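See structure below.
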Amino acid sequence: MTTLDTSTSTAPTAAAPPAGGAHAPDPGGSPWRQPRAVWAVAFACVIAFMGIGLVDPILKEIAGQLDATPSQVSLLFTSYMAVMGIAMLVTGVVSSRIGPKRTLLAGLALIIVFAALAGSSGSVGAVIGFRAGWGLGNALFVATALSTIVTSSKGSLAHAIILFEAALGLGIASGPLLGGLLGEQSWRGPFFGVSVLMTIALVATAFFLPSTPPTGRRTSLADPFRALRHPALLLLALVAVFYNLGFFTLMAAGPFALPSLDIMQIGWTFFGWGVLLAVASVVVAPRLQHRFGTVPAMIGCLALFALDLAMMAVFATHEPVIIVGIVVAGAFLGVNNTLVTEAVMGSAPVERPVASAAYSFVRFTGGALGPFVALKLAENVDVHAPFWFGAAAVAVGVVIASGGARTVTRALHGDAPAAHSTREAEAVVVGDVD
């Protein structure tokens, strides 16, 4: 999941004119008055972000219908996130060579194919494999979507990001709900539903988005690894690994801790989680950042998330507590998504696409094993163990963030990184990825 806080991205326009003949930026006006090309990509963003929580309501159903264990179905998250993390290394390479529009269309086409294949599968192994292909398509699409919206939109950069964040939040919130509604008919329904919706998004993007030829320098596969030499970026990536271990544990273990709930009830539970995540990401995070600063607010919310998981571990057999714990976690996750990404984008003196690729690679691939480990613990220990594992992982993230607070703060507010972040804010966000 990728977010970007507007607080560091409001520099005056200094980038090249919008690609493909898009309208020139108009600082005034509403972020909702946009060309059809922007709405086409925004709609595709909503569907793409549905994939994060889409399978939550149907995890138990897949396990029952395909005779799979909880740890086996948890690999639907692991394969998706691991491949997406690895693919983040190549999105910039691809986009800088074939252009954003072709990259978007390639990503959408892959999601359409692999979502349909997952819905047609007869074994849990096949679903896991096709879900991995879905992750590849999602990486190509999501990494390019924000820059495309920025270059094609009317209004300020902040308006473009508000639109992107709105699409992200709507997709995250509606994914579990769609999964529940279609999953009540069949566990295959959500996969076919996404494939159909993405087909509509692909056609709309192909027709309404103008041609976007490659711009800027061509990035290489080595660039993200070189970026990890910067201590602040490496620290934040490690924090994100442990934070994502807790996040993915919640997503995978939550449904299995609610044995009396049906598919639709689980869908509504995670819908509440998604709504709170979206609101916290767009509204709450900037206010906490303004009041307490990026790093203190991030550490505080990480600690609260760890405590939330610990509460769920203690009361793992009490379903009302699990439901409340899942929904409340959305607030901590939303704030951290924005603040951690904000810190990543401003802490390393490299281009935003490169920093984003390095960070996404480490956090997704490192955290992808969380669901599998958590549900293996549930199978071999007890129902409390997955949440203790998640709480402990996030607590390690708190320790790393606290120990590296000075390094990150110095990188964010020191002369060189801060100056770079200010000068390059808009020029890079309209580049290749993120």
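Read the figures in this text as sums done on the coordinates, not as results from a lab. This structure is a prediction, so every number in the text was calculated from the model and none was measured. All Cβ positions, glycine included, derive from the backbone under ideal geometry; neighbour counts span all protein chains shown.
For this structure, a couple of remarks:
- Computed from phi, the 3J(HN,Hα) profile of the range 131-139 under the Karplus parametrisation 6.51, -1.76, 1.60 (θ = phi - 60°) reads 5, 5, x, 4, x, 4, x, 5, 4 Hz, with x in place of Gly and Pro.
- The lysines whose alpha-carbon is closer than 16 Å to the alpha-carbon of residue 60, local same-chain residues fewer than 8 away aside, are 376.
- Footprinting exposure proxy for 342, 61, 319 (fewest neighbouring C-beta atoms within 10 Å first): 319, 61, 342
- Cα gyration tensor category, rounded, prolate or oblate, for the range 259-300 with a/c compared to 1.5: prolate
- Between residue 113 and residue 208, full extension at 0.36 nm per residue minus the direct alpha carbon distance yields a gain of 32.0 nm.
- Phi to ³J(HN,Hα) by Karplus 6.51 cos²θ - 1.76 cosθ + 1.60 over the range 335-344, Hz, x for Gly, Pro: 4, 5, 4, 6, 5, 5, 5, 4, 5, 4
- A simple packing score, the average count of other Cβ atoms within 10 Å per residue, orders the peptides 231-242, 188-199 as 231-242, 188-199, with the highest score first.
- Placing pseudo-labels 7 Å out from each Cα toward the beta carbon at residue 184 and residue 283 gives an inter-label distance of 2.8 nm.
- For residue 351, distant residues with modelled amide H under 5 Å away: none
- Cα gyration tensor shape of the range 285-377, rounded if a/c is under 1.5, else prolate or oblate by comparing a/b with b/c: oblate
- Using alpha carbons only, the radius of gyration of the range 83-131 set against its Kirkwood radius gives Rg/Rh = 1.09.
- Residue order for 339, 75, 412, fewest other beta carbons within 10 angstrom first, comes to 412, 75, 339.
- The length gained on full extension between residue 67 and residue 319, counted as 0.36 nm times the residue separation minus their Cα-Cα distance, comes to 88.3 nm.
- In terms of other Cβ atoms within 10 Å, 56, 223, 262, 308 run from fewest to most in the order 262, 223, 308, 56.
- Within the range 322-340: backbone nitrogen closer than 19 Å to the residue 268 label point (7 Å, Cα to C-beta): 322-330
- Whole-Å distance, taken between Cα centres, linking the range 216-270 and the range 314-367: 6 Å
- Each residue, residue 32 and residue 126, gets one label point 7 Å from its Cα in the Cβ direction; the gap between the two is 4.4 nm.
- Using the Cβ-Cβ distance between residue 221 and residue 98 with R0 set to 22 Å, the FRET efficiency works out to roughly 0.90.
- Treating each Cα of the range 51-202 as an identical point scatterer and summing with the Debye formula, the log10 of I(q)/I(0) at q = 0.13 Å⁻¹ comes to -0.60.
- Partners for residue 154 among lysines (Cα-Cα distance below 25 Å; same-chain residues under 8 apart left out): 101
- Taking θ as phi - 60° and the Karplus parameters 6.51, -1.76 and 1.60, the scalar couplings of the range 142-148 work out to 4, 5, 9, 5, 4, 4, 5 Hz in sequence order, x denoting glycine and proline.
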